[in-house]
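Step one of this worksheet: look at the structure below.
The values are calculated or read from the model by the stated rules, or taken from the named source; none is laboratory data. Since this is a predicted model, take the numbers as computed values, not measurements. For neighbour counting, all protein chains shown are included, and Cβ atoms are generated from backbone atoms with ideal geometry for every residue, glycine included.
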């Protein structure tokens, strides 16, 4: 039975209605998306680059800018150290591209996920030091690399961290930690992706060094906004505030960019329009199977043949991954331990590239936080963790950090590595701790609710066309059209191309 979704503050909604000249049903949609003031609504409906916050508010902004200026001025060797997912790959591309334009001596490196230690690892760092490395800029990683950055200092390598992952306890001893999630940060928006933080920092960098305004930067570097949109969507950050602006304008640039990588994307879309849902359905799974350094080369290359070959390799890897993922989920279902408030899967033969997929699927199915663990080698295991809005799986790892080699991520999605000899006690302890700190609140199933009553007509369709891009934090609205067909009410939604999709006839 369909019900009208409740509003948490009816008085607040009444006051808003008096100040905004919009149909009540449409205004209701906006209010449920946390647009509670007239200026919020204006910003949401008409995303403007001018509404982006100043990068100067980012913590350690000046420290980071000054260190990079010194590196460029003194021709030091700079290494962009990325993370192997699309957020980290696109962030690496942004920094490499812009620093090349600024005539810096720059290279890039993304360690293989699970095979190498998360973030900075000293084995690779020592090799780069032998080649004369002076400065590492870590993107989409680094916030939890306390010891490694301390060791880098001893090697006379400076490190700048540009990241968006949760700050666990203390900041690493870097030259700058540009992360809006720092406890001392006054930056107004915490939910930027890793590449989003990178873009904001780069906007400030080119303004400092070349006196280029945001509008000028967007005009001559539109592909930077497009790549930031890809990383933002891929990392499932909420499409609100700055993320909405970045994705809105990033998607708008797709038709006008002329980079070589565009052809492979168009071929994969097979005539479909580039939008968030098509990207998630047809492209993100392919990029999720990419190898980090080749992913960077794919976006940077000006050689059409090389781009095609790299993308084909990613497609082939994805096909293999699909079969592995299906088998892994079946195995995990058989091996899972469902405790009171958490699911644990320990299976040594699960492919490491499938752990996050399995954890996500089990969390979605059973509505419980999930940890999926597999073996790296004889001495080390890794785990991927997923949770819901109510419970921080990262906090659970923090409580048990004494058993872990390293860990990090977000409240809903994180990972760790652990020595084999500590795994049994770790599992026993997290089951016990989950009982104490996790709550089992009733999940609000929005599938049973419509958000507003809104007739299907041309005027309302024009308003609904202002709602995309849809995604995390801004799902397609579920609406009721009264007596719309043969005297019957219709439950409907709209897609990103503003097509009406009927869900039910009442």
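Which residues, counting only those in segment 49-93, are within 18 Å of residue 250 (Cα to Cα) and surrounded by fewer than 18 Cβ atoms within 10 Å (Cβ to Cβ)?
Listed by number, the residues that qualify are 49, 50, 51, 53.
Yes or no: residue 232 under 13 Å from the mean Cα position of the chain (by Cα) and in a helix (DSSP H, G or I)?
Yes, satisfied.
Quick check on segment 480-500: of everything there that is touching a residue at least 60 places away in the same chain (Cβ under 8 Å) and not in a strand (DSSP E or B), which residue is nearest to the chain's Cα centre (by Cα)?
496
The rows are residues; the columns are (1) free of Cβ contacts under 8 Å to residues at least 40 places away in the same chain; (2) surrounded by fewer than 18 Cβ atoms within 10 Å (Cβ to Cβ); (3) outside any loop (DSSP other than H, G, I, E, B).
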residue: 244; (1), (2), (3): no, no, yes
residue: 258; (1), (2), (3): yes, yes, no
residue: 271; (1), (2), (3): yes, yes, no
residue: 286; (1), (2), (3): yes, no, yes
residue: 327; (1), (2), (3): yes, yes, yes
residue: 332; (1), (2), (3): no, no, yes
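Can you find a residue that is part of a helix (DSSP H, G or I) and either in the same structural domain as residue 118 (by TED's automatic domain parsing) or in contact (Cβ under 8 Å) with a residue 24 or more places away in the chain (or both) anywhere in segment 370-387?
The answer is no, given that none of the residues of segment 370-387 is part of a helix (DSSP H, G or I) and either in the same structural domain as residue 118 (by TED's automatic domain parsing) or in contact (Cβ under 8 Å) with a residue 24 or more places away in the chain (or both).
Are any of the residues in segment 206-224 in contact with a strand residue (DSSP E or B) (Cβ under 8 Å, 6 or more places away or on another chain) and modelled with pLDDT of 95 or more?
Within segment 206-224, not a single residue is in contact with a strand residue (DSSP E or B) (Cβ under 8 Å, 6 or more places away or on another chain) and modelled with pLDDT of 95 or more.
Going by the structure shown, is residue 503 on the phi < 0 side of the Ramachandran plot, part of a helix (DSSP H, G or I) and either surrounded by 12 or more Cβ atoms within 10 Å (Cβ to Cβ) or in contact (Cβ under 8 Å) with a residue 60 or more places away in the chain (or both)?
no
Sort out which residues of segment 388-419 are in a helix (DSSP H, G or I), in contact (Cβ under 8 Å) with a residue 40 or more places away in the chain and surrounded by 19 or more Cβ atoms within 10 Å (Cβ to Cβ), and write them in order of number.
Result: 394, 396.
For segment 94-200, which strands (runs of 3 or more DSSP E) that fit wholly inside it have 3 or more residues that are buried (at least 20 other Cβ atoms within 10 Å of the Cβ) and modelled with pLDDT under 95?
none
Could you tell me whether segment 18-40 includes any residue that is part of a loop (DSSP other than H, G, I, E, B), closer than 22 Å to residue 468 by Cα and in contact with a strand residue (DSSP E or B) (Cβ under 7 Å, 6 or more places away or on another chain)?
yes
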